[in-house]
1. Return the whole-Å distance between the Cα centroid of the range 136-195 and the Cα centroid of the range 39-114.
2. Tally up the carbon and sulfur contribution to the accessible surface of the range 111-195 as a whole percent, 1.4 Å probe, everything protein left in place.
3. So if each residue of separation counts as 0.36 nm, and I subtract the Cα-Cα distance between D47 and V73, what length gain in nm does that give?
4. With the cut-off at 1.5 for a/c, could you classify the range 130-189 from its C-alpha gyration tensor as rounded, prolate or oblate?
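The values are calculated or read from the model by the stated rules, or taken from the named source; none is laboratory data. Being a predicted model, the structure only gives us computed values, none of them experimental. With ligands, DNA and RNA removed, areas are computed over all heavy atoms of the protein, side chains included. Shrake-Rupley method; radii C 1.70, N 1.55, O 1.52, S 1.80 Å.
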Amino acid sequence: MTDGPFQQASHFWLPLVIVGGLVVLTTWLGQLAEQPLPQAPTVLRHDPDYFVENFNATAYDVSGQPRYHLTAVRLTHYMDDDTADLIAPRFVREGAGVARVVVRSLRGVVSANGDTVDFIGDVRMLRERLQDGPPIDLTTDYLRAYPDRDLVVTNKPVLIKDGGGQLRGAAMQADGKQKTLELSGRVKGIYETRH
């Protein structure tokens, strides 16, 4: 018995259909392989990576003399933004020819590069007496210090007492290098005259 024309055609097309199916499957798998794999999220959480109890750091000038000290009850460092939180920070600026300045607060934050220190909550800054003037006592809720620039600023209300007088302002900038103090926004002052 001989094969009919239909059976001969199926023997001819069957291998071509199988090969064609393999070509389509191979092309599809190749396209899948070229697509990038989904990336796992790389966002770091704001978790501490280390802490230091009784933190104490000193910066020195080019001659090796202490320029300023920064201490805190506790420093907590965060890896995601390289900042550090401080509990009960205390900053002391001193050096030859400059008045000693002490800043303290309830909390603090040191920037990633260490250029700024933010003092937060019950901030008090005391500049000790100079030969030609009384001590200056400053209180505010927030103060940003730029230690290497000898500059402090705040955008919060500030009260400054110096001897027999006091000044109030809505914001302040004090430049130790230029020896300037600038108050802005609703500035009020009271000075007592002494006889």
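1. If you average the Cα positions of each part, the centres end up 23 Å apart.
2. Of the solvent-accessible surface of the range 111-195, carbon and sulfur hold 47 percent.
3. Details: separation 26, 0.36 × 26 = 9.36 nm, distance 1.94 nm.
The D47-V73 span can extend by a further 7.4 nm.
4. Oblate, since a/c reaches 1.5 and b/c is not below a/b.
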